[in-house]
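The values are calculated or read from the model by the stated rules, or taken from the named source; none is laboratory data. Remember, it's a predicted structure, so these values are computed and weren't measured experimentally. Cβ placement follows ideal geometry from the backbone for every residue including glycine, while neighbour counts extend to all protein chains displayed.
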Amino acid sequence: NIYSALTNAAQPTGALVTVGGLLAVTNGSAVYPYSHATNGGSPIIFAATILVDSNSSINADYTGCGSYKMTIGSSQRGWGWGGGLARQGNVTYGASHGGTAAANSLAVYGSSNAPINPGSGGGANSSTVSGFGGGVINLQAESGSVTINGTLSARGRGYPSGQCLSGGSGGSIYIRCRSFSGSGTLRADGGSGGGDGTYNGYGSAGGRIAVWRMYHSFVGSATATGGAYNTSSAPYAGNGTIVWGQIPVPGTTVRMW
């Protein structure tokens, strides 16, 4: 587990991990990066080379900004920049991030090109805490390779039918490297809302994924899907963003006029 402290403008990261050589996540192991649940400070990992094998993961599911018990009918929101609104009537509201949550008036936040913000917590009622947002997976291997055959996951927590709670929004996955390869999975999906037909929760928006590389041979998948509302007739929360950025190879000529 990697836990983050509070951050401010002078110290933008909540935790810093530096590996001089190979960071290998193998043999069914996992790394769990935790953002600060109220402040949003998040870890960053620097390494020469990064490998996540097919049975392993870097797992930031539900490790972003949190939720808490809220006064019904109040203007209280989940922690984070896009926290879901407390229960109003029979509905609790989801959180935004890379997209907007259904019926959430807060705008999207963060950067699509350099996502470093965790997901936000969902709205709650007076007796139960709702979904935490997804955390942050920030991998920096500027001159080396990143190979993902396993899973990088920063999903917001969702709920099944029967649990009257809103989800948390998806977190962030941000990678910079020379070469990006593998056949694994990247996901920053928002959490779905649960309900029992009388009291219901909205889903939360997808997060953000950005991969910047010179050379690309990755054949896996990436998703930042918005979470569902409890009933199929209601709208899903908005999808997040996915950016595949190209770092210019050595010798590239840039013409400006």
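Restricted to segment 64-108, and to residues there that are under 19 Å from Tyr229 (Cα atoms) and hydroxyl-bearing (Ser, Thr, Tyr), the residue that is modelled with the lowest pLDDT is Ser105. Restricting Ala5, Ala103, Ala95, Ala86 to residues that are of a type in the set (A, V, I, L, M), in contact with a Phe, Trp or Tyr (Cβ under 7 Å, 6 or more places away or on another chain) and more than 22 Å from Thr151 (Cβ to Cβ) narrows the list to Ala103. For segment 125-173, enumerate the residues that are charged (D, E, K, R), over 16 Å from the mean Cα position of the chain (by Cα) and crowded, with 24+ Cβ neighbours inside 10 Å. Correct list: empty.
Consider segment 67-105 and keep the residues that are in contact (Cβ under 8 Å) with a residue 40 or more places away in the chain and outside any loop (DSSP other than H, G, I, E, B). The one that is surrounded by the fewest Cβ atoms within 10 Å (Cβ to Cβ) is Val91.
Results for (1) over 13 Å from Gly133 (Cα atoms); (2) under 21 Å from the mean Cα position of the chain (by Cα); (3) basic (Lys, Arg), shown as yes or no for each residue.
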{"position": "Gly73", "(1), (2), (3)": "yes, no, no"}
{"position": "Leu85", "(1), (2), (3)": "yes, yes, no"}
{"position": "Ala101", "(1), (2), (3)": "no, yes, no"}
{"position": "Gly110", "(1), (2), (3)": "yes, yes, no"}
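Looking across segment 123-151, the residues that are at pLDDT below 95 and among the β-branched types (Val, Ile, Thr) come down to Thr128, Val129. As a summary of the residue check, Ser111 satisfies the conditions (1) closer than 19 Å to Arg213 by Cβ; (2) at pLDDT below 90 except for the one numbered (2). Among the residues examined, Gly245 qualifies as within 18 Å of Gly98 (Cβ to Cβ), of a type outside the set (Asp, Glu) and not in a loop (DSSP other than H, G, I, E, B). Can you confirm whether Val211 is at pLDDT 90 or above, more than 19 Å from Ala95 (Cα to Cα) and surrounded by 12 or more Cβ atoms within 10 Å (Cβ to Cβ)? Yes.
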